[in-house]
Amino acid sequence: MAAYSQDLRDRVLRARGRGESPTEVARRFEVSRVWVYQVWAQYQETGQRSGLKIGGYRNSRLGGHDDSLRCWIKEEPDITLVELRQRLKAEGIEIGIPALWHHLNQMGLTFKKNAARRRARTTGRAGAA
């Protein structure tokens, strides 16, 4: 669902500023009464007339720790996500495994299988029939 336009927000705020009730404003501009209350409350509390950004604006808790993560992985290439998570927790950063993996993926760090650990397969079979 797309956000309402800035023009509509401004017209709603002007109407409320003139003293019109939220119900009248909502009916005239064909928006919900609750939205009128929310826009007005945001304007009263913060003075902000525009809406909030939708999606993709949250900064990662790991943003300032890229160098540490790279260093840990370079020192110990077979470190697990659980171990990385424990090291971060020792530094006061609580993060889930999926979020940690996502951040490492965005950093361009990939994890390949180690030749010593071979792929999981049944023993005793040489290949496909």
Scan the stretch 39-61 and give yes if some residue there is over 28 Å from Arg11 (Cα atoms) and either surrounded by 10 or more Cβ atoms within 10 Å (Cβ to Cβ) or touching a Phe, Trp or Tyr at 6+ places or on another chain (Cβ under 7 Å) (or both), otherwise no.
yes
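Going by the conditions given, is Leu100 outside any loop (DSSP other than H, G, I, E, B), at pLDDT 85 or above and touching a helix residue (DSSP H, G or I) at 6+ places or on another chain (Cβ under 6 Å)?
On the way: outside any loop (DSSP other than H, G, I, E, B): yes; at pLDDT 85 or above: yes; touching a helix residue (DSSP H, G or I) at 6+ places or on another chain (Cβ under 6 Å): yes.
For Leu100, the condition - outside any loop (DSSP other than H, G, I, E, B), at pLDDT 85 or above and touching a helix residue (DSSP H, G or I) at 6+ places or on another chain (Cβ under 6 Å) - is met.
Filtering the stretch 86-97 down to residues that are assigned to a helix (DSSP H, G or I) and within 20 Å of the chain's Cα centre (by Cα), which residue is surrounded by the most Cβ atoms within 10 Å (Cβ to Cβ)?
Of the stretch 86-97, the ones assigned to a helix (DSSP H, G or I) are 86-90, 97.
If we keep only those that are within 20 Å of the chain's Cα centre (by Cα) too, we end up with 88-89, 97.
On the way: Leu88: 19, Lys89: 11, Ile97: 12.
Ranking the candidates gives Leu88 first.
What do you reckon, is Val12 of a type outside the set (Gly, Ala, Ser), touching a residue at least 24 places away in the same chain (Cβ under 8 Å) and outside the structural domain of Ile93 (by TED's automatic domain parsing)?
Working: of a type outside the set (Gly, Ala, Ser): yes; touching a residue at least 24 places away in the same chain (Cβ under 8 Å): yes; outside the structural domain of Ile93 (by TED's automatic domain parsing): yes.
The answer is yes for Val12.
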Can you tell me which residues in the stretch 71-111 are out of contact with any Leu (no Cβ under 7 Å at 6 or more places or on another chain) and aromatic (Phe, Trp, Tyr)?
Phe111
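The values are calculated or read from the model by the stated rules, or taken from the named source; none is laboratory data. Computed from a prediction, not measured in an experiment: that's the story for all the values here. Cβ atoms come from the backbone with ideal geometry, glycine included; neighbour counts cover every protein chain shown.
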